[in-house]
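Accompanying notes for the structure given below.
The values are calculated or read from the model by the stated rules, or taken from the named source; none is laboratory data. In this text the structure is predicted, and so the values were computed from the model without any measurement. Cβ placement follows ideal geometry from the backbone for every residue including glycine, while neighbour counts extend to all protein chains displayed.
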Amino acid sequence: MSVAALRDNRAVWAFGVLGVTWLAAIAFANGFGTVSSVRYLVQTASFLGIVAIGQTLVVMMSGIDLSVSAVVALSAVVCAQVASGSGGAAGILVALAASVVVGLVNAAGLVWLRLPPMVMTLATGTVIAGALLIYTDGSPRSARIPLLDTLANGSVAGIPYATVLWLAIAAAGVWLLHLSRLGRYAFALGTSEPASRASGVPVPVTTLVMYAACALLAGVAGLVLLGFTGTSSLTMGSPYQLLSIASVVLGGTSILGGRGHLLGTVAGALLLTLLTALLAAWNLSEGLRQVTLGLLIIVLLLAYARERRTA
Amino acid sequence: MTLLSVENVSKSFAGVRVLRDVSFDVRPGEVLGLVGENGAGKSTVLSLITGLLAPDAGTVRFDGARVHSGIRAWSPHRARAAGIASVHQELSLNPHQSVAENVFLGAWPTRGGLVRHRDLVARARPLLSRVGLDVDPLTRAGRLPLGAQQLVELAKALTGDPRLLILDEATSALDDDQVRAVFRVVDELRAAGKSVVIVTHRMGELFAVSDRMTVLKDGEVVATRERAATDHDDLVKLMVGRELSDMFPPKSKDTAAVPAEPVLTVRGLAVPGSCAGIDLDLVPGRVIGLGGLQGQGQREVLRALFGLRRHSGQIDMDGRPCRLATPREAIRRGIGYVPEDRKTEGLHIAHSVRANLSLPSLRALAPARSLTTVSRRQEARLVAGLVDSMRIKASSPAQEVRRLSGGNQQKVALAKWLPTKPRVLLLAEPTRGIDVGTKRQIYHHLRELADSGMAVLVTSGDTMELVGLCDEVAVMYEGSIVDRLVGAELTEERLVHASVVGQEVTHV
Amino acid sequence: MSERIRNHMDVLGLCALLAVVLVTYQRLDPTLLSPSTITILSAQFLPLILAAVAQTIVMLTGGVDLSLGPVLSLGMAVFVVTAADGATGVLAAMALALAVTVAAGAANGALVAYAGLPPIIVTLAASFLWTGVTLIVLPQPGGHVPAGLVSAYNLGWYGIALPALAVVVALALWKLVRTTRFGLALYAVGGNEHGAYASGIDTRRVKILAYGFAGLFTGLAGIGLAIQTGSGDPNIGAPYTLNSIAVAVLGGISFFGGVGRMRATLLGALLLGLLTNLLLFTGISTFYQLILQGVVLVVAVAVKTLATRERTA
Amino acid sequence: MLEDDVAKLKTEGKVASYETFNANGDTSQQIAQIRAMMQQKYDVILVDAGSSTALNPVLEQAVAAGIVVVNFDSLVTTAKVVRVGTDQVAWGRMMAQWLADKLGGKGEIIAMNGPAGVSVSEDRWKGADEVFKKYPDIKIVANVHSEYNLAPAAQAFASAYSAHPTIDGVFSQGGALSAAALQTLVKQNKTLVPITGENYNGFLKMWAEKKAAGFSSIATAQPNYLAVIALEAAVAKVGGVAVPQDITVPLPEITDANLDQFVKADQPDDSYPIQPLPQNEIDKLIGK
């Protein structure tokens, strides 16, 4: 890749900023150089990272999924509920199936009802939140599922399983989005829908697969979170709604679709987790912390995520 | 005495010089034609004048004053205030606002700080009739046909009573009648001592209206000629640097002989609100044209055949009935489509040449047995072959299509279908806004494709093009085919005559 | 003039729906049209209506404001922190709060206009920023709103429903803005930004102004909420971000900009608000409310899209 | 617990019907619901407030309309309603005092607070801050805010902890936060410093398990019988008893010594086990 191409590649930028921030954290803040701190950071980043990979898939085709927070909760709550009656394996399967169904419903709304993605996913998110209230009568259960427990808390050769899972998912995502035919279709759709239709891109299939994959990954994140904490709650997904979108954008993917690289999102999720950790380490008031985070995100976006003027 | 003078202007984009030392001037009461191939720098020069861009070096003077100096940058806003109005090929209308609102876009007349709709309508009417447009000023602009929208643009340009009017490919979407209306306005302006700069690819129009012509080539002015001192051939020679004798390729040899079996037969095709009762036989080896005035349903016929419009009627392929409900079905049956709107429908302009060329053929490049993984090697080979055979000028296959000139974009839009081995090729306005040299290349490509056994269907508003290129032209009027011209009958005169049949106005 | 009928179709549809809801409501709560109920309901709906007005303005430019909730909280916080007893005190606090929210909106607008960042991510990042600022201004629920104002607002003032009056005044203000050149330019920029620029409209100024106006209406919503609740709460604004989008979309405002009418937004807000209240009367578990909200949104938008879409294959 | 009590009171004929409304975290929604209740002429409204201030006007109107309004758990600031709750400032004071004593008035601690801008967390912190001010040698190295929810709390704590791995103790405002802190220390195999807690069963279980390893804690509770007291108070008030406006329920104290009475190994993590309050205590509190 030429130097100019590298300069133009915003995913590379994301990794660069991540590296610089990390070095700065090690140099100027306490404790960021230790192995355990790194391990913990990548582990906590995994939850966000998994959701964000799903989000990347839909953002790349110029969509957006505002139902991920609800799906995270849905998956954890359903798994805990089902597991208490029929065992962990059943819980996991039912939870993942439910997540995929949500993704398919989202896609169906986009393809056949022609709803804007924001409206459709916002609506399904709202409906899920309501359905969960009814399903759990307001008080979701906790569950200890050994498989999830190990997945969330265990590690192999010092690397947390959650991180391994995240990276494996990222690899699968890179294949799906950047190497496979479907990924090409997604990019094409993200750049221009009319041109894609007129070029024979299978719009329904692409949309269905990408949204289902996004919801599935949100569901996986919900399960890992369930394993991590042993409890489910109705609001456990809410932090991931906007942060997953922020990760995608900080990873250099254009929110307008059709431009970026999935690996950038991995850097984006790490960067956000690192920034949050850095701010937590500084003894600031919560207000100042939020202000700093907001300003930092804006500055980073200004640095490398600006859209080219079409004029 | 000059109204506008461009002096030694240079401009580069991303290190590429697009204008070098360009100088010309426009006098009051004069119509200046600005000609050159696509990519010669015409649009860039105009953008410097209208304030969309600033030059790297050189000066633009309007009415004696330097425009790109002083504290406030030159902008469309200031240009308009100074009396420069422009109409571009790309519309600047807001499709959701009314015609009246659009006519005064950005300069709405107010009373007491408020905009009254009654005022807008009352003041829009005379302007609309001046450009020969008879529409309700309260209609949403987006609902008008393309040509009418272009005229609304012209009406809009006239609102500020401009001293300099710039027409940049402003007639490319217009039919002859509408073009005449535009020229009437140009004549009025000239008579009133105002000036006009016109850019068009239609040579006839250029000679009909310009007083002088400035020729640009590769970002430099090669000549400025009085109209009387030049002719068509001279100009073309200046533009392309060589003579262009064989603009159109020879037609298929066996027009008189018994034609081969049609690959696609269309009987009674109808698109609600656009056309009805269309019969067509698309035969391998033949180029068939759909002629007529703008907006007589030609576009919809093509879109229906490609599965982009819901339609009724009998369509047979190889003698068997087939359904063309979606573009995917059409493509699977071997139909390719190059739409007139290449920037939104024909191409992914923000994507690379490579991605655009391989998109319709991904099924072959990423078969199910490789887990649908796209083979980069095969893709590169395919793209290299197409770039080579179509002579697409791109810095690399990774270059974004929007950075290519219009002609090369059109070549990409056409080339992407070739690997799918289409048996029928549908093209709408295949050379709109494209320079002479590339036009010629495209004509020759189309003929080669036909000779290799493809059936080609072309719509065009350019009568010369239809006559020169097609073996047969079906002329449409108000949604029906009113005449078919083959062989010796296929002349510009016959074609124009057939196009206006049923109209009160006779062609002059 | 089928053109004009078509333009008003969605407003008529919303009106019809609203009429149905109102009649049902009237049967369940016969006091619906009494001054006190109108006061109470309008106090309840005012923040959502004004937030939706603000969201509509941003959406008309082709943007979306994800920082609306935090800015609403910010306006509320500044108002309750500075409000003193007496008319001058209250008016000064209002002016200050509105100045702050207008500035916040204009800052969002400036980033959108000058930085080349899509509105959705500008306002996403800004939502963290304004949440933080709110927490600095008002670290925990509290603050002060003169008691007389609270009761006049919530119980009626000489029989006048102040919140309803405020909504009418706000909408009249919008109507006025809408008929200025800026108002038309707003629609023009939303409908075809490049075209508007090439026609000599200062699109950046229009955007900054639009976001500033959105800030104004968001601030008014925050002040209304402060007076309704008699205090400030730094977290109370959050639900308004997505709710305002839902209402605007229900009213037929397009995400692509340039399309939609404020009166439709108003109808959307009333419809959604009344429907939720209606559920409280019917005795259906409030858990179903969220489901209803989601379904109404999908159905309303789907009907509109399917009815107006070009007949493609 | 509340449902049981409702059932009991129904059989006694003191309650005719009972409805639950859930505002799902939307305060404006809660206001609308209370309005609807007023319109439907309920006799008693029990409310767990979504905001400490925002509900004041509507609740005052409900009282003015003759409805008995009892607020429990998360309290509002208006004095016009009967409020049944615990003293949150005292909570913070109690926890902080125990930690200060435990550390001998000296050491570095991390403070884990609930979400910013919410009265409960601000009040608890106020109490704690009062105490810590008295011990200049206790240094709060990080002051973290998070939801009362395990996952975000664990992330927040881990971030702060990786920056300050040498801490001597943790002041925590809530059970999930304490559990998150303890979990992190256990997972990373670190010294189990004292952590203040709450009667969140997940935390109690872990505490019981690690007690042998030298972990020490204190916990209190926002007892779930607050709702029962609120109901009884309301019924009593309707029945003409002079119920006090402010019913402050004493904070229970769970220590290393009496932990076994509280922890419920067979119950899920997210239960809040508590010893029920005897009826005579309740009667005393509500002024019978």
Verdict on C:A83 being more than 19 Å from C:K304 (Cα to Cα), buried (at least 24 other Cβ atoms within 10 Å of the Cβ) and more than 22 Å from the chain's Cα centre (by Cα): yes
Test: residue in the stretch A:50-58 that is more than 15 Å from the chain's Cα centre (by Cα), within 14 Å of chain C (Cβ to nearest Cβ) and assigned to a helix (DSSP H, G or I): no
Residue within the stretch A:202-212 that is closer than 30 Å to A:R39 by Cβ and away from chain D (no Cβ under 14 Å) present: no
Total residues in the stretch B:323-340, condition surrounded by fewer than 16 Cβ atoms within 10 Å (Cβ to Cβ) and assigned to a loop (DSSP other than H, G, I, E, B): 2
Candidate set from the stretch B:445-463 (those that are touching a residue at least 40 places away in the same chain (Cβ under 8 Å) and among the aliphatic types (A, V, I, L, M)); member that is nearest to B:S172 (Cα to Cα): B:V458
Any helices (runs of 4 or more DSSP H) falling wholly within the stretch C:1-100 and containing at least 2 residues that are closer than 17 Å to C:L271 by Cβ and within 14 Å of chain D (Cβ to nearest Cβ): C:2-28, C:35-60
Strands (runs of 3 or more DSSP E) enclosed by the stretch D:147-230 - at least 2 residues per element that are among the hydroxyl-bearing types (S, T, Y) and closer than 30 Å to D:E281 by Cβ: D:217-220
Options B:A107, B:A65, B:A79; residue that is under 27 Å from B:P28 (Cβ atoms), surrounded by fewer than 16 Cβ atoms within 10 Å (Cβ to Cβ) and in the same structural domain as B:K156 (by TED's automatic domain parsing): B:A65
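Is it true that C:A126 is among the small types (G, A, S), assigned to a helix (DSSP H, G or I) and surrounded by 24 or more Cβ atoms within 10 Å (Cβ to Cβ)?
Judged against the criteria, C:A126 is a match.
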Number of the condition not met by C:G132 [criteria: (1) within 11 Å of chain A (Cβ to nearest Cβ); (2) over 20 Å from A:L295 (Cα atoms)]: (2)
Tabulated pairs, the stretch A:273-300, first more than 9 Å from chain C (Cβ to nearest Cβ), second basic (K, R) and surrounded by 18 or more Cβ atoms within 10 Å (Cβ to Cβ), C-beta under 8 angstrom, 6+ apart or interchain: A:L279/A:R289; A:A280/A:R289; A:W282/A:R289
D:I247, sole failed condition from (1) part of a loop (DSSP other than H, G, I, E, B); (2) closer than 27 Å to D:L59 by Cβ: (1)
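So, B:S86, is that one closer than 24 Å to B:A191 by Cα, buried (at least 23 other Cβ atoms within 10 Å of the Cβ) and of a type outside the set (A, V, I, L, M) or not? So that I can check it myself, show each step before the final result.
Values: closer than 24 Å to B:A191 by Cα: yes; buried (at least 23 other Cβ atoms within 10 Å of the Cβ): yes; of a type outside the set (A, V, I, L, M): yes.
For B:S86, the condition - closer than 24 Å to B:A191 by Cα, buried (at least 23 other Cβ atoms within 10 Å of the Cβ) and of a type outside the set (A, V, I, L, M) - is met.
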Positions within the stretch B:50-81 being in contact with a strand residue (DSSP E or B) (Cβ under 6 Å, 6 or more places away or on another chain) and either at pLDDT 85 or above or farther than 23 Å from C:H194 by Cβ (or both), in sequence order: B:T50, B:P55, B:D56, B:A57, B:G58, B:T59, B:V60, B:R61, B:F62, B:R66
Scan of the stretch B:369-395 for residues that are touching a helix residue (DSSP H, G or I) at 6+ places or on another chain (Cβ under 9 Å), in a helix (DSSP H, G or I) and of a type in the set (A, V, I, L, M), ordered by number: B:A380, B:L382, B:V383, B:L386, B:V387, B:M390
Which listed residue, of C:P118, C:P146, C:P139, is more than 7 Å from every other protein chain (Cβ to nearest Cβ) and over 19 Å from the mean Cα position of the chain (by Cα): C:P146
Which numbered condition D:M94 fails, given (1) touching a Ser or Thr at 6+ places or on another chain (Cβ under 7 Å); (2) buried (at least 22 other Cβ atoms within 10 Å of the Cβ): (2)
Within the stretch B:105-135, tally of residues that are within 9 Å of chain C (Cβ to nearest Cβ) and at pLDDT 90 or above: 0
B:A85 vs. criteria under 24 Å from the mean Cα position of the chain (by Cα), part of a strand (DSSP E or B) and touching a residue at least 24 places away in the same chain (Cβ under 8 Å): yes
Count of residues meeting criterion [in a helix (DSSP H, G or I) and of a type in the set (F, W, Y)] in the stretch D:130-146: 1
Flag if A:F187 is within 14 Å of chain D (Cβ to nearest Cβ) and over 14 Å from the mean Cα position of the chain (by Cα): no
Enumeration of residues in the stretch C:280-297 that are surrounded by fewer than 21 Cβ atoms within 10 Å (Cβ to Cβ) and at pLDDT 80 or above: C:Y288, C:I291, C:L292, C:V295, C:V296
Scan of the stretch A:280-309 for residues that are in a helix (DSSP H, G or I) and either over 25 Å from D:E122 (Cα atoms) or aromatic (F, W, Y) (or both), ordered by number: A:L295, A:L296, A:I297, A:I298, A:V299, A:L300, A:L301, A:L302, A:A303, A:Y304
Residue ranges of strands (runs of 3 or more DSSP E) in the stretch D:44-88 with at least 1 members touching a residue at least 60 places away in the same chain (Cβ under 8 Å) and crowded, with 23+ Cβ neighbours inside 10 Å: D:68-72, D:82-85
Some residue of the stretch B:479-492 being assigned by TED's automatic domain parsing to the domain that holds B:D281, touching a residue at least 60 places away in the same chain (Cβ under 8 Å), hydroxyl-bearing (S, T, Y) and out of contact with any helix residue (DSSP H, G or I) (no Cβ under 8 Å at 6 or more places or on another chain): yes
Selection within the stretch A:243-267 - closer than 30 Å to A:A195 by Cα, part of a helix (DSSP H, G or I), within 13 Å of chain C (Cβ to nearest Cβ) and not hydroxyl-bearing (S, T, Y): A:I245, A:A246, A:V248, A:V249, A:L250
Residue that is surrounded by the fewest Cβ atoms within 10 Å (Cβ to Cβ), among those in the stretch B:2-17 that are at positive phi and at pLDDT below 90: B:G15
Count of residues meeting criterion [buried (at least 22 other Cβ atoms within 10 Å of the Cβ) and charged (D, E, K, R)] in the stretch A:18-53: 0
Evaluation of C:A147 against (1) closer than 28 Å to D:G50 by Cα; (2) surrounded by 16 or more Cβ atoms within 10 Å (Cβ to Cβ) (one fails), failing number: (2)
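Can you pull out the residues in the stretch A:102-148 that are more than 11 Å from chain C (Cβ to nearest Cβ) and over 21 Å from the mean Cα position of the chain (by Cα)?
Passing the criteria: A:V111, A:S139, A:P140, A:R141, A:S142, A:A143, A:R144, A:I145, A:P146, A:L147.
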